[in-house]
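S.K.: After the structure tokens below, expect a handful of questions from me.
The values are calculated or read from the model by the stated rules, or taken from the named source; none is laboratory data. Worth saying up front: this structure is predicted, and the values here are computed from it rather than measured. Note that we place each Cβ from the backbone using ideal geometry, even for glycine, and neighbour counts take in every protein chain shown.
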Amino acid sequence: MNAAEATQVRAPATSAPQALPPAVAGSPWAATGLATPGGGIGYRDDEDGGRPWVIWVLLVVAVLAVGAIVALLLNNHNTNQSSLITVPDVVGQVYTDATSKLNQDQLNPVRVETPDPTVPKDHVVKTDPVAGQKLAPRSDVKVYVSTGPATTDVPNVVGQPVDQAVRTLQGANLTVNPTYTDDNNPKYPKGQVTATDPPSGTAVSTGQAITLSVSTGNVDLPDLKGKTQADALATLNSLNLIAVPQNQETPDSPAGTVISQDRTGLVPQGTQVTIVIAQAPTTATVPDVAGLSYSDAVSKLAAVGLKSVQQQNAASDQTPKDQVMYTSPAKGTVVGLNQTITIVVSSGPSPTATGNLTDVTGKSWQQAHDILTQEGFTNITPSSPQPGTVKTQTPPPGTYPTSTPITLTF
């Protein structure tokens, strides 16, 4: 039985039986039964016994073609590899030097700025692609250039409690110096931040340590002596202190100025401070001017505020001429500043009779007047109303011309 007789295929039951074309013996297509009539591939020429060599020729041609393609690709690959450029290592170089090197190597640098806490400003941090990789000529190479450490502005924490200020600064990527600066600042209560170093608003590197100045709650009270009352009160108010002014009469300081205070130096805010304010005196004590010239006596009286004076001359065997014998009212007497002081000046020894002036203190006006009259004294004057008894007499007991003015004080 030959191949044509042995190979048949049954068709589906629903259609008429069909026979496959006879296979060509020895053809690579024989197993499939797809022989092509008319001398195509797999066609069996019964007359010359077939041509299997055609298939082998085609296979050889195909293999040679594939080899040629592979060789061409390999050649192109080697050619491309030899023309690629290796990215140079420019990390750490100044950007201008790095760009010169990349341009020299026929690569195109592309600047990308980035903050860096360790690489100096305008120096290369890295490249992309990194050094050692190969690129085609004129390829872009990203050059990351340091702008220096990243910066941030110091936030304003003045007036905040220390704990809150620390949190605020740390939230701004800053650190805080653990040692604070004491500040005796009257504007802020104890424990509040009064200032920062660097000040708020300053651009600094992230992570920089900020030093805080913190209120101690104390203030430095200066010496206010000599200041006017208004200036002293303003100073105390600015220091957050409570002024307690007191007045004191004195001829030694201008009226309205501070003559003393109860404390100075560091004191807590809110402390009461007593200041003593000079007041113009309204009274004065008559000083001792005996033995002085009249002009010197006037000056001494004026120094204590007694400026209303008058001169009276009297003969004296004890006091040299032109020297003060005594005053009326007498020395040590407290008088009003508008009191007129009589300055009795010696006119020298008396050419007339003298008398022995008796001590009449404790006597009534009438008794004293009668005693002194009997002693020959005629110039007797009371310095105050007569009711009561004599407190002082001027001049004191002694021998005087009978014309001597005698003043009795009640």
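S.K.: Cβ contacts < 6 Å: first residue closer than 23 Å to residue 334 by Cβ and in the same structural domain as residue 273 (by TED's automatic domain parsing), restricted to the range 243-259; second residue hydroxyl-bearing (Ser, Thr, Tyr) and assigned to a strand (DSSP E or B), any location; separation 6+ or different chain. Result?
M.R.: Every condition considered, no pair remains.
S.K.: Related question: Anything in the range 290-305 that is of a type in the set (Gly, Ala, Ser) and touching a residue at least 12 places away in the same chain (Cβ under 8 Å)? List them, or say none. Give the derivation first.
M.R.: Applying the first criterion (of a type in the set (Gly, Ala, Ser)) to the range 290-305 yields 290-291, 293, 295, 297, 299, 302-303, 305.
Of everything in the range 290-305, those that are of a type in the set (Gly, Ala, Ser) and touching a residue at least 12 places away in the same chain (Cβ under 8 Å) turn out to be 290, 291, 293, 297, 303, 305.
S.K.: Hey, can you tell me all the residues within the range 364-374 that are within 14 Å of residue 397 (Cα to Cα) and either touching a residue at least 40 places away in the same chain (Cβ under 8 Å) or outside any helix (DSSP H, G or I) (or both)? First the steps, then the outcome.
M.R.: Pass one, the range 364-374, residues within 14 Å of residue 397 (Cα to Cα): 368, 371-372.
If the condition is that a residue be within 14 Å of residue 397 (Cα to Cα) and either touching a residue at least 40 places away in the same chain (Cβ under 8 Å) or outside any helix (DSSP H, G or I) (or both), then 368 is the only one that fits.
S.K.: While we're looking at this one, here's another question. Please go through the range 260-303 and give me each residue that is outside the structural domain of residue 330 (by TED's automatic domain parsing) and charged (D, E, K, R), ordered by number.
M.R.: 262, 263
S.K.: May I pose another question? Within the range 271-294, track down each residue that is in a loop (DSSP other than H, G, I, E, B), within 26 Å of residue 256 (Cβ to Cβ) and of a type in the set (Val, Ile, Thr). Working first, answer last.
M.R.: At the first step, the residues of the range 271-294 found to be in a loop (DSSP other than H, G, I, E, B) are 271, 280-282, 286-292.
Next, from what is left, pick out any that are within 26 Å of residue 256 (Cβ to Cβ): 271, 280-282, 287.
Correct list: 271, 282.
S.K.: In addition: Of all residues in the range 237-253, which are at pLDDT 95 or above, part of a strand (DSSP E or B) and not polar (S, T, N, Q)?
M.R.: 242, 243, 244, 245
S.K.: Got a number for residues in the range 67-93 being modelled with pLDDT of 85 or more and outside any loop (DSSP other than H, G, I, E, B)? Steps first, please.
M.R.: From the range 67-93, those modelled with pLDDT of 85 or more are 83-93; that's our starting set.
Now restrict to residues that are outside any loop (DSSP other than H, G, I, E, B): 83, 85-86.
Of the residues in the range 67-93, 3 are modelled with pLDDT of 85 or more and outside any loop (DSSP other than H, G, I, E, B).
S.K.: Confirm whether residue 99 is surrounded by 14 or more Cβ atoms within 10 Å (Cβ to Cβ), modelled with pLDDT of 95 or more and touching a Pro at 6+ places or on another chain (Cβ under 9 Å). Outline the logic, then answer.
M.R.: Numbers: surrounded by 14 or more Cβ atoms within 10 Å (Cβ to Cβ): yes; modelled with pLDDT of 95 or more: yes; touching a Pro at 6+ places or on another chain (Cβ under 9 Å): yes.
Yes: the conditions hold for residue 99.
S.K.: On to the next question. Does residue 178 qualify as being more than 25 Å from residue 151 (Cβ to Cβ), part of a loop (DSSP other than H, G, I, E, B), in the same structural domain as residue 161 (by TED's automatic domain parsing) and modelled with pLDDT of 95 or more?
M.R.: Details: more than 25 Å from residue 151 (Cβ to Cβ): no; part of a loop (DSSP other than H, G, I, E, B): yes; in the same structural domain as residue 161 (by TED's automatic domain parsing): yes; modelled with pLDDT of 95 or more: yes.
So residue 178 fails the test.
S.K.: If you don't mind, another one. So, residue 324, is that one within 24 Å of residue 295 (Cβ to Cβ) and surrounded by 20 or more Cβ atoms within 10 Å (Cβ to Cβ) or not?
M.R.: Yes: the conditions hold for residue 324.
S.K.: Condition first: touching an Asp or Glu at 6+ places or on another chain (Cβ under 7 Å) and free of Cβ contacts under 8 Å to residues at least 60 places away in the same chain. Can you find one or more residues in the range 334-347 that meet it? Working first, answer last.
M.R.: Going through the range 334-347, the residues touching an Asp or Glu at 6+ places or on another chain (Cβ under 7 Å) turn out to be 345-346.
After this cut, where a residue has to be free of Cβ contacts under 8 Å to residues at least 60 places away in the same chain as well, the list is 345-346.
Yes, that holds for at least one residue.
S.K.: Moving to a separate point now. Name the pairs whose Cβ atoms lie under 7 Å apart, with the first residue in the range 128-157 and small (Gly, Ala, Ser), the second in a strand (DSSP E or B) and crowded, with 17+ Cβ neighbours inside 10 Å, and 6 or more positions between them or separate chains?
M.R.: Correct list of pairs: 146/123; 146/125.
S.K.: Continuing with this model, one more query. Looking at the range 335-372, which of its residues are polar (S, T, N, Q) and within 60 Å of the chain's Cα centre (by Cα)?
M.R.: Listed by number, the list holds a single entry, 338.
S.K.: Considering the range 186-212 alone, what residues qualify as being part of a loop (DSSP other than H, G, I, E, B) and within 30 Å of residue 265 (Cβ to Cβ)?
M.R.: Within the range 186-212, the first condition is being part of a loop (DSSP other than H, G, I, E, B), and the residues that meet it are 186-191, 198-202, 206-208.
Residues satisfying the conditions are 186, 187, 188, 189, 190, 191, 199.
S.K.: Given 145, 141, 124, 119, which one is in a loop (DSSP other than H, G, I, E, B) and buried (at least 17 other Cβ atoms within 10 Å of the Cβ)? If you could, list the steps in order and put the result at the bottom.
M.R.: Values: 145 fails: in a loop (DSSP other than H, G, I, E, B); 141 fails: in a loop (DSSP other than H, G, I, E, B); 124 fails: in a loop (DSSP other than H, G, I, E, B).
None of the other options fit; the residue is 119.
S.K.: Just to be sure before I move on: is residue 132 assigned to a loop (DSSP other than H, G, I, E, B), loosely packed, with under 14 Cβ neighbours inside 10 Å and in contact with a Pro (Cβ under 8 Å, 6 or more places away or on another chain) in the structure I sent? Even if it seems obvious, please write down each step before you answer.
M.R.: Numbers: assigned to a loop (DSSP other than H, G, I, E, B): yes; loosely packed, with under 14 Cβ neighbours inside 10 Å: yes; in contact with a Pro (Cβ under 8 Å, 6 or more places away or on another chain): no.
Answer is no for this residue.
S.K.: Of all residues being touching a Pro at 6+ places or on another chain (Cβ under 8 Å) and modelled with pLDDT under 95 in the range 147-162, which is nearest to residue 185 (Cα to Cα)? Just the residue, please. Steps first, answer last, please.
M.R.: Our first condition is that a residue be touching a Pro at 6+ places or on another chain (Cβ under 8 Å); within the range 147-162, this holds for 147-151, 154.
Imposing the further condition that a residue be modelled with pLDDT under 95 reduces the set to 147-151.
Numbers: 147: 39, 148: 37, 149: 35, 150: 34, 151: 30 Å.
Of everything passing the filter in the range 147-162, 151 is nearest to residue 185 (Cα to Cα).
S.K.: Which condition from (1) among the polar types (S, T, N, Q); (2) surrounded by 14 or more Cβ atoms within 10 Å (Cβ to Cβ); (3) within 24 Å of residue 321 (Cα to Cα) is the one that residue 381 breaks?
M.R.: For residue 381, the exception is condition (2).
S.K.: Being touching a strand residue (DSSP E or B) at 6+ places or on another chain (Cβ under 6 Å) and among the hydroxyl-bearing types (Ser, Thr, Tyr) is the filter here; which residues of the range 183-204 pass it?
M.R.: 188, 194, 196, listed by residue number.
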